[in-house]
Protein chains: 2
Amino acid sequence: MQPHRILEVTLSRATDRQQKRRRIAEAVCLLADEHGMDGVTLRDVAARAGVSMGAVQRCFGTKDEMLLFALGHISERVTERIAGGSTNAGDLTRVAAEIALLDPAYQHEARVWLAFVARAAVSPLLADVLRRNYELVEVMLERLVSALGVTDARGQARALLALADGLTTHVLVGYLTRDVAADILKSHLDRLTRMG
Amino acid sequence: MQPHRILEVTLSRATDRQQKRRRIAEAVCLLADEHGMDGVTLRDVAARAGVSMGAVQRCFGTKDEMLLFALGHISERVTERIAGGSTNAGDLTRVAAEIALLDPAYQHEARVWLAFVARAAVSPLLADVLRRNYELVEVMLERLVSALGVTDARGQARALLALADGLTTHVLVGYLTRDVAADILKSHLDRLTRMG
DNA sequence: CCGAAAACGATGCAACCGCATCGGATAGTA
DNA sequence: TACTATCCGATGCGGTTGCATCGTTTTCGG
């Protein structure tokens, strides 16, 4: 068999592996959403993903590796969605709302995110992934904010990011309603726009 | 023996109980700070508190009750510290800094708080305690903010609370340094003051 | 077509979990 | 001093955890 055939096959296998990895990562997110990070066990993950436990072990040498990949997976998805639309100045509102995950459809992602953040506080590896993700979002936000003509765009971007995250958390624990959080976010953005 | 003697003894016993409860709660916080909520097991808690496992079981019927009490314990402590100083208008800076737990001495409390918040997202009982605590802080913040002559003091108080929480989280995962977070918070407060 | 290699799912394993139970130590009452 | 009720710490128990190991099946290169 020719080398290029070998390459094909190898790639195909690798692709399958990656697909299975992603499916497992999805299962991790589902469980983390439902029962928190404690509810993420290898057996339950395998059952949710519709694979055997051995498959999970083969895809990820250890549970921590699995969680690391899962965090990277969801981070990637969220970041891509945020960066998805055009980066017009008017998109700041949309972007901010998506960062805050205020839409009910994103409630699940918000819970997963919170579970990972909490674990990242005591797991340097997870923290690294999270930090990288925040820096990516910060860059995007800074661009949008600076387009408003605001001074200290970076600081304002960071503040907006923190505000959005805090609001998400407060909604999750039931302290604020989604509507109230959305109003607060909107008010903040209005003020930011007025500043420019 | 007279009834009042009985009352004395009973009270003394009850006091001992509460003291032991608090000591156990402290141990819970220590462990949650070091290894996250997963690291909080009855055995480790007992060892940390310097009591037997049976003592922990006797103080709290179940693990959830223990966690519930521990959350109430730390919430109370933080809230009291925040409300401790006089509520002058100038104290807004101090209060905000203490809410954000930016001082390195509060780093541990911040980690514990995050661990509980994450669990509260999937535990209604914990969420109730947390929500009550947030509402308490909100009232204090609203009073301070309204003293600045700001319109929509409640909304601004909520925004400030969310910003502080978000900054705390971002510092914990290593995305922001304490100094940067403090600057952002200060900048926000300055703007708020200028608004009034 | 065949042999090596990889993937597979099932099962085993030691450690740990929360909780229940137990006999003995202790303290309060008459 | 006896009696009793509470407290105490140790141990047991069923269940679950993450991970290792097994024989078997599938896949792929020659």
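When the range A:164-178 is filtered for residues that are at the interface with chain B (Cβ under 7 Å from one of its Cβ atoms) and without any contact (Cβ under 8 Å) to a residue 60 or more places away in the chain, the ones remaining, listed by number, are A:G166, A:T169, A:H170, A:V173, A:G174, A:Y175, A:L176.
Restricting B:T41, B:T15 to those that are within 15 Å of DNA strand D (Cβ to nearest atom), of a type in the set (V, I, T) and modelled with pLDDT of 95 or more reduces the list to B:T41. On inspection, B:L68 passes the criterion of being open to solvent by 40 Å² or more (accessible area, probe 1.4 Å), modelled with pLDDT of 95 or more, within 25 Å of B:D16 (Cα to Cα) and not basic (K, R).
For the range A:59-76, filtered to residues that are within 13 Å of DNA strand C (Cβ to nearest atom) and closer than 30 Å to A:E98 by Cβ, the residue that is farthest from the other protein chains (Cβ to nearest Cβ) is A:C59.
Scan the range B:24-58 residue by residue and report those that are within 14 Å of chain A (Cβ to nearest Cβ), part of a helix (DSSP H, G or I), without any contact (Cβ under 8 Å) to a residue 60 or more places away in the chain and open to solvent by less than 70 Å² (accessible area, probe 1.4 Å). If the condition is that a residue be within 14 Å of chain A (Cβ to nearest Cβ), part of a helix (DSSP H, G or I), without any contact (Cβ under 8 Å) to a residue 60 or more places away in the chain and open to solvent by less than 70 Å² (accessible area, probe 1.4 Å), then B:L31, B:G39 are the ones that fit. Pick from the range B:88-145 the residues that are β-branched (V, I, T) and touching a Gly at 6+ places or on another chain (Cβ under 7 Å): which of them is nearest to the other protein chains (Cβ to nearest Cβ)? Top of the filtered list is B:V122. When the helices (runs of 4 or more DSSP H) confined to the range A:82-163 are screened for residues that are farther than 22 Å from A:L31 by Cα, those reaching at least 3 such residues are found at A:92-100, A:124-146.
The values are calculated or read from the model by the stated rules, or taken from the named source; none is laboratory data. Keep in mind that what you see is a predicted model, and the values were worked out from it rather than measured. Neighbour counts run over all protein chains shown; Cβ positions are idealised from the backbone, glycine included. Ligands, DNA and RNA are excluded from the accessible area calculation, which covers all protein heavy atoms including side chains. Shrake-Rupley method; radii C 1.70, N 1.55, O 1.52, S 1.80 Å.
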